[in-house]
Amino acid sequence: MKIGELIGIGNTAKVYRWGKTEVIKLFYDQSSAVNEGNNAELINNLKLRTPKYSGLVEHEGKMGIVYERIDGPTMLWHIEPSERSLSYNAKIMANLQCEIHNVENKILPNLKSEITNKVNNSHEISNDEKQIIIDMLKSLPDGNSLCHYDFHPDNIIISPNGPIIIDWLNLLVGSHEADITRTSMMIQSHSLPPNAPNWLIHRDLREFFNKEYLTEYMKLTDTNEGFLERWMIPTLAARIDEMQGEYRQEIKDKLHIRLRK
Ligand SMILES: Nc1ncnc2c1ncn2[C@@H]1O[C@H](COP(=O)(O)OP(=O)(O)O)[C@@H](O)[C@H]1O
Ligand SMILES: [Mg+2]
C-alpha cells in the first residue's frame, strides 16, 4: 500500500493517507501503536460511530495502525465562534460521549487502577500528596462504562455522514463521571494547539462551550454536577505528566489549590 499526503498531526502521532480509502497513524512512541491497535480492535466490535480499523502495519521500520479514512474537519475546526455553533456542537459532544458510556461492553474495569499507576509514577507529585490523591480515588465509584478518556473536539471528525469518534489510545473502563471530568478539565485548561481557532483563544467562548456541554450531559443522564469536584483531584493528578512547560504548571497549580482546601 502507498503512503500519501500528511492529513493530521496530533500529540502522539502523524496521520497520512494510505491507499485510496484509508489512513495510517504513525506514532512517535512505538508502544502506543500496539496499545491503540488493541483498543481499536475492541472498539471495532462495538456499536459506535468510529472509523473501521484494519490492523497494525510496519512502514519504514515504524509500527502504524490503519483506519478507514473519514473526510471532514474535526469539530475543533468546524465550530464557529458564535453562541449558536458552540452550543450546538457542545450538545453533539455530550450526546456522543453518552453513547460511548452506554454501549454494552464486557471489559473489566481498569480506570481507577490506571489512574493510580499514573499518579504513583509521577515525579511531579510528592509521596504525601500521592497518598491523599489515591485515598480519594479509592472512595470514588468503580463503574463499568467505556470511557474514551481523551474526548475533546479535535477527536471528533464531522463527516458528511455525521460525527465520527477517533483516537482511541486512552480507552479505559470505569466510571463515566471520570470521563466527563477529564473532558471538562481539558476544555477549561489554557492549553492551545498550534494556530488555534478563535473560539478556543477567547476564554469566555471556551467557558460557554464547557457550560453547554456539561448542562447537556447532566440533562441526558438526569444527574447533577456534584461529581466533577470529587473527581477533579485525581483527574488533574493523572494529567500532569501528559503536559509540559506552562501547561503542566497550570495543572499543578489547580491540583495544589484543591489539595490545600
Ligand atoms: N480515520 C481518520 N480519517 C481522517 N483523518 C484522521 C483519521 N484519524 C485521524 N485523522 C486526523 O489526524 C489527526 C490526528 O489523529 P489522532 O488519532 O487524533 O492522533 P493523536 O493521538 O496524535 O491526537 C486528527 O485530528 C485528524 O485530523
Ligand atoms: Mg487526537
Can you tell me which of (1) without any contact (Cβ under 8 Å) to a residue 24 or more places away in the chain; (2) closer than 30 Å to residue 216 by Cα is the one residue 95 doesn't meet? (1)
Selected residue (criterion: surrounded by the fewest Cβ atoms within 10 Å (Cβ to Cβ)) from residues of segment 90-99 that are under 14 Å from residue 213 (Cβ atoms) and under 16 Å from the mean Cα position of the chain (by Cα): 95
Would you mind stating whether residue 58 is away from ligand 1 (no atom under 15 Å from the Cβ) and not assigned by TED's automatic domain parsing to the domain that holds residue 163? yes
Only one of (1) within 12 Å of ligand 1 (Cβ to nearest atom); (2) surrounded by fewer than 19 Cβ atoms within 10 Å (Cβ to Cβ) fails for residue 135. Which number is that? (1)
Under 8 Å between Cβ atoms, at least 6 apart or on separate chains: pull out the pairs that start in segment 1-17 with a residue that is more than 8 Å from ligand 1 (Cβ to nearest atom) and end on any residue that is at pLDDT 90 or above and of a type in the set (Asp, Glu). 1/22; 16/5; 17/5
Cross-chain or 6+ apart pairs with Cβ under 7 Å, segment 22-40 first and within 18 Å of residue 7 (Cβ to Cβ), then among the polar types (S, T, N, Q) and at pLDDT below 95: 27/12; 28/12
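Here's the yes/no breakdown for (1) among the hydroxyl-bearing types (Ser, Thr, Tyr); (2) assigned by TED's automatic domain parsing to the domain that holds residue 12; (3) modelled with pLDDT of 95 or more; (4) closer than 30 Å to residue 162 by Cβ:
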position	(1), (2), (3), (4)
80	no, no, yes, yes
95	no, no, yes, yes
105	no, no, no, yes
121	no, no, yes, no
128	no, no, yes, no
Starting from residues that are among the aliphatic types (A, V, I, L, M) and surrounded by 15 or more Cβ atoms within 10 Å (Cβ to Cβ), keep the ones in segment 33-49 and report whichever is farthest from residue 99 (Cα to Cα). 33
Of the residues in segment 23-75, those that are within 16 Å of ligand 2 (Cβ to nearest atom) and of a type in the set (Ser, Thr, Tyr) come to 28, 32, 50, 53, 67, 74
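The values are calculated or read from the model by the stated rules, or taken from the named source; none is laboratory data. Every value quoted in this text rests on a predicted model; they were computed, and no experiment measured them. No Cβ is skipped: glycine too gets one built from the backbone with ideal geometry, and neighbour counts run over all protein chains shown.
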